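The structure appears right after this line, and notes come after that.
Just so it is clear, none of the values below were taken in a lab; they were calculated from the coordinates. As the structure is a prediction and not an experimental result, all values here were calculated from the model. FYI the Cβ positions are ideal-geometry reconstructions off the backbone, even for glycines, and counts take in every protein chain you see.
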Amino acid sequence: GGAASGRGKMSLVFDEYGRPFILMREQESKSRIKGLEAQKANIMAARTVTSILRTSLGPRGMDKMMVSPDGEVTITNDGATILQRLQVEHEVAKLIVELATSQDDEIGDGTTGVVVLA
């Protein structure tokens, strides 16, 4: 369902739980970032993913508590599980998640270390 607002570029929509969210329709006005600005955005995306995992690494690593949109709670310090539960949209961050998934599929361990080293 949903009620519209704005100048046709965004609309306020409600999900099945009644929570509001805004849909943006700005495909034509999207600009592509280039050069140094793109590099900075890529580095920031990679650092964000690694900073989430870094504190769960090693014998003193802390557990992470994640809550899915439907309210399911997961508590783990397993890098592969944490990355699977993240809803990543940035392409570089997606590559890091794929790297960890490959590590988990091939070796079965070391996903957090691979991400932090990357």
Enumerate the amide H contacts of Lys64 below 5 Å, restricted to partners 5 or more residues apart or on another chain; note that Pro and chain-start residues carry no placed amide H.
Thr76, Asn77
Around Ala45: net Lys/Arg minus Asp/Glu count, Cβ-Cβ under 14 Å:
-1
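Assuming 1.306 mPa s and 10 °C, estimate D for region 74-118 with Stokes-Einstein, Rh taken as the Kirkwood radius over Cα pairs, in µm²/s.
152 µm²/s
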Using 7 Å Cα-to-Cβ label points, what is the Ala38/His90 separation (nm, one decimal)?
1.6 nm
So which GluC sites (Glu not before Pro) in region 38-118 are both in a DSSP loop and have at most 11 other Cβ atoms within 10 Å of their Cβ?
Glu72, Glu89
